[in-house]
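Heads up: the structure comes next, in structure tokens.
Rule-based calculations on the coordinates, nothing more; no lab input. The model shown is predicted, which means the values in this text are computed figures rather than measured ones. Ideal geometry is used to build each Cβ from the backbone, glycine not excepted, and the neighbour counts take in all protein chains shown.
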Amino acid sequence: MKPRASEKTQAIMKIQSEIRRVLATELRKRDFIELSPVILSPVTDPLNHPTAPMCITCYGDTYNITQSMIFHKQLALRTLNKIFIFSPNVRIEPLDKKDTGRHLFEFSQLDLEVKGATREEMMSLCEELLVTIILSIKKQCKKELNWVGRKLRVPKIPFKRISYCDAHRQYGKNFEVMISQKHPEPVWIIDIPLNKREFYDREDEKNPGYLRDMDLLYPEGYGEALSGGEREYSYNRIKKRIHQKGQKVSAFASYLELAKNDLPPSAGFGIGIERLTQFICGLSHIREASLFPKIPGKRCL
Ligand code: ASN
């Protein structure tokens, strides 16, 4: 019997809640500490694509609304070793993103960071988390998976890895879409060229011009799942990378002030909760993964 629309929504929200529960439980088991999200700050992630700045004035100072907590994650590791946050992000995307079915201008990501970690350790952690989520949903949310009509397969670890340049060579400019559509299991894109990502991703000393970072693509055409990597932590290198990017050092003054004596080396990633829900539930549009979806260009509640 076909479920009513409200039953489908209930099932999706139950599955999303289970995703959050598994993530938090698994990370706590591994000694991660959960932090509260930061919503307002003088600095936020500049991102590598254009978004309209979202600023408000508080007590005469200008604050950004968080696009990602990357800088706060690095700074938090001066005090703690392993952290995670369910972090609401606001990104006022250009209008060409309004019909992708994968963009919301307000969403949440599970953002995590580990002191002294390598990219490969973070990739393994992510693989373990995804497999654990899928196994748990298959077990705990049988009825709900039925209601959304999703047959979930458990991906094999380790996921396939392709360098950015190989992906580009094999599949052309639109490689993200092509790889996601062609593969039945998630695929990592690694070694992204320096100019394609933000200044905080660490340059590979053994492979200059490329980064120690990664993106994960969901299979079956669900597209990008996450980005992350090792970070630039030395004050001078961070400043150099900001200059290379053509950005203003003054825009990051309050972060740089604290990074003056260098930050701890670290790696981490952020995975979008609504996109993860979309993939797990097999939803054609991301709006179904939120009760209050913010679709670019639309007036939303
Ligand atoms: N959270 C991501 C990371 O950890 C950054 C982002 O969302 N732009 O690399």
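For segment 48-159, please report how many Lys pairs fall under 29 Å Cα to Cα, leaving out neighbours fewer than 8 apart on the same chain.
Going through segment 48-159 pair by pair, I get 18.
Which trypsin sites (Lys or Arg not before Pro) in segment 1-51 pass both tests, a DSSP loop state and at most 11 other beta-carbon atoms within 10 Å?
Sites meeting the loop and neighbour criteria: R4.
Quick one: compute the contact order of the chain, relative version, from alpha carbon pairs under 8 angstrom and 6+ residues apart, as a percent.
22 percent
Angle between the Cα long axis of helix 119-140 and the longest principal axis of the chain, 0 to 90 degrees, nearest 10?
The angle comes out at about 20 degrees.
To the nearest 10 degrees, how steeply does helix 235-244 sit against the main Cα axis of the chain, on a 0 to 90 scale?
80 degrees
Could you pull out every residue, at least 5 positions away or on a different chain, whose amide H is within less than 5 Å of the one on N89? Hs are placed 1.01 Å off N in the peptide plane, and Pro or chain starts have none.
Residues meeting the criterion, in which the H sits 1.01 Å from N, are F107, S108, Q109.
Rg and Dmax in Å for segment 206-254, alpha carbons only: what are they?
14.7, 43
Quick one: if you stick a label point 7 Å off each Cα along the C-beta vector at S136 and I92, how many nm between them?
3.6 nm
Can you put C58, C281, C300 in order, fewest other beta carbons within 10 Å first?
The fewest-first ordering by Cβ neighbours comes to C58, C300, C281.
Using 0.36 nm times the number of residues separating R28 and T118, minus their current alpha carbon distance, what extension gain do you get?
Length gained between R28 and T118: 30.4 nm.
Report, to two decimal places, the Cα Rg of the chain normalised by 2.2 N^0.38 Å (N = number of residues).
On the way: Rg = 19.1 Å, N = 301, 2.2 N^0.38 = 19.2 Å.
Rg over 2.2 N^0.38 Å, computed on Cα atoms: 0.99.
In the chain, what percentage of the DSSP-assigned beta bridges are antiparallel, given to the nearest 5? Working shown, then result.
Working: 41 of 47 bridges.
Roughly 85 percent of the beta bridges in the chain run antiparallel, per DSSP.
Please list the equivalent ellipsoid semi-axes of segment 1-122, computed as the square roots of five times the alpha-carbon gyration tensor eigenvalues, in descending order and whole angstrom. If you can, show how the numbers build up before the last one.
Values: eigenvalues 147, 116, 37 Å².
Rounded to whole Å, the semi-axes are 27, 24, 14.
Enumerate by residue number the trypsin sites (Lys or Arg not before Pro) in segment 135-194 meeting two conditions: DSSP loop (anything except H, G, I, E, B), and at most 10 other Cβ atoms within 10 Å of the site's Cβ.
Taking segment 135-194 and a limit of 10 other Cβ atoms within 10 Å, the loop trypsin sites (Lys or Arg not before Pro) found are K151, K173.
So between K173 and E128, what do we pick up on full extension, going 0.36 nm a residue minus the alpha carbon distance?
Fully extending the segment from K173 to E128 adds 13.2 nm.
Sorting S36, S68, S17 on the 10 Å Cβ count, fewest up front, what's the list? Don't skip to the answer; put the middle values down first.
Values: S36 8, S68 19, S17 12.
Placing the least packed residue first, the sequence is S36, S17, S68.
On the first, second and third principal axes, largest extent first, how far apart are the outermost C-alpha atoms of segment 160-276 in Å?
45, 30, 22
For q values of 0.13, 0.14, 0.20 Å⁻¹, compute log₁₀ I(q)/I(0) with the Debye formula on a Cα-only model of segment 232-286, without solvent.
Summing over Cα pairs of segment 232-286 leads to -0.54, -0.57, -0.72.
Per the Cauchy relation, a quarter of the hull surface: what is the mean projected area of the convex hull of the alpha carbons in segment 72-214, in nm²?
11.1 nm²
Ratio of alpha-carbon Rg to the 2.2 N^0.38 Å globular estimate for segment 1-48, to two decimals, please.
Output field value: 1.78.
What distance in nm lies between label points placed 7 Å from Cα along the C-beta direction at K14 and M54?
Taking the two extended label points, one gets 3.1 nm.
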